[in-house]
1. Pop a pseudo-label 7 angstrom from the Cα along the beta-carbon direction at both residue 69 and residue 259 and give the gap in nm to one decimal.
2. So, R0 is 25 Å and r is the distance between the beta-carbons of residue 396 and residue 424; what FRET efficiency does that work out to, to 0.05?
3. Around residue 208, with a cut-off of 14 angstrom between Cβ atoms, what is the net charge of the other residues, counting Lys and Arg +1 and Asp and Glu -1?
4. Ignoring ligands, DNA and RNA, how do 390, 203 rank by accessible area with a 1.4 Å probe, largest first?
5. Could I have the simple spin-label model distance between residue 51 and residue 270, label points 7 Å from Cα toward Cβ, reported in nm to one decimal?
6. Amide H of residue 215: which non-local residues (sequence gap of 5 or more, or other chain) have their own amide H closer than 5 Å, using H built in the peptide plane?
7. With a Förster radius of 25 Å, plug the Cβ-Cβ distance of residue 151 and residue 118 into 1/(1 + (r/R0)^6) and report the FRET value to the nearest 0.05.
8. Evaluate E = 1/(1 + (r/R0)^6) for residue 107 and residue 208, where r is the Cβ-Cβ distance and R0 equals 30 Å; express this FRET efficiency to the nearest 0.05.
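The values are calculated or read from the model by the stated rules, or taken from the named source; none is laboratory data. As the structure is a computational prediction, the values presented were derived from the model and not from experiment. So basically every Cβ, Gly included, is an ideal-geometry build from the backbone, and we count neighbours across all protein chains shown. All accessible areas refer to the heavy atoms of the entire protein, side chains included, with ligands and DNA or RNA removed. Shrake-Rupley method; radii C 1.70, N 1.55, O 1.52, S 1.80 Å.
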Amino acid sequence: MATARIELLTEILVEDNESAAGFANDFDPATTPLIAPLLDAIDTVVFVADTNGKLRYVNAAWARLTGFSLKETRSLARSDYLHPQDEDRWLRFLDARKRDPQRTAVLVLRFLTNAGETIHLEAGAQAVVTDSGKCMGFVGTLSDVGRRVQAEGLKEASHRTLETLINSLPGLVYRCRNNRQWTMEYMSNGCEVLTGYPPEALINSERLTYADLIVPEDRDQVWENVQASLREHRAFELMYRIRTARGEERWVLERGRGNFSKSGELLGVEGFITDITRERHEQIRLRSDSLYDPETHLPTPTLFLDRLDMALRRRTIRPLDAVAVFVVHLDQFAKWRATLGVHFRERAFLDIGRRMESVLNAVDTLCLWNDSEFAFLHECPDADANARAIAARLQQQLRAPVVDGGNEMFLTTSIGVVTGVRGSEQAEDIVSLASTAAARARNAGVGRIEVVDMGGGAATSATDTAKTGLSEVR
């Protein structure tokens, strides 16, 4: 390849005879041959600029990017090829290189082409300093980063659009750690509307955590149900109460799931929380309009709570009449319920209800508490002593598959039981405690029973019963 010398740095950076002799002593022409064809062949712009930031030499890549030749560039003012709003940034960048020659840095700047278009180039530069410490100019490179800048701009615009959308939702989008405090790492602006607290008051805070907002009676229920869902790698849906900054009690609906790495490690919990106070009150009103569920023909939760409330009152009058509350969770039933036809689902509920009623006595009450849980009120002098045996009989009754034509649905159950009831408790709090115990039993393994003794005995206990396989339809 033919090679040729280009002008020496002394000729590029020094005007005529100004300091030429002194500068030439610092740069031996024999040691500074530059191979012009090689520089012209690369796509990166190589430049030499004077102390005022004006380009004195550029290789051919500059002409390919901007349309300005080397000869034209030398005669142009800096503002002819550098965006007016970036001129000051360019000079500050070069000044920093002069003050600290050893430091490396890059800066994206807007340059103008011969056609008047704007292009983005990433500049890197180093000051040319003599042994006496005098700065004679700068050498460096300019790289075309237009595609990168465009991609980053689109990404930023997309992020702004997503952020706007999230902050417009009627609720709270969150990401948190899986700990008892539900330490928040991100909360959308809906946080303040829902809770009365700005997001920054709760994010990574030890003084005020989201768990502090959940009413004490619901905290264990939320924790246990989320843990059960995370263990099974499935989404969860919860209804519970929070207390706002103004002291108001609100019902919220939370939908979320665990964020897992490819290796299965839990990275955090993400979800959406919305205010359902009005809907909850309307739901309670509608429930009270009907005392029996049309699908199961069992008492509604409203009637169940009324009967439990009456049982608690009788307990205060007749202490010998014990009260036990059971929550029977049908493992994975909620998933199968969505796949069943309407008629099969109704017949399945009737079959399950009849089996459970066969264990009850004449004064007991059974109801479908939610999509996958039955609540059962047992009232008799031996209720506390017989609670575990009754739970085991319930599991035994539900071992056989639910059959409809060619379909068979096998069930396993996790049961939470509350005993030792004194009578001064709130009915809904007792059911919530039993539901939490059922979730804790589910976390412990398939087909378990968890007993909570409110009378001061063993706080909780678990036992293996009915260890069948996972629920399945075949």
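1. Rounded to a tenth, the inter-label distance reads 5.7 nm.
2. According to the calculation, E is roughly 0.15.
3. -2
4. On the way: 390 10, 203 50 Å².
In descending accessible area the options line up as 203, 390.
5. 5.5
6. Under 5 Å from the amide H of residue 215: 241, 242, 243.
7. Result of the calculation: an efficiency of 0.90.
8. After rounding, the FRET efficiency stands at 0.10.
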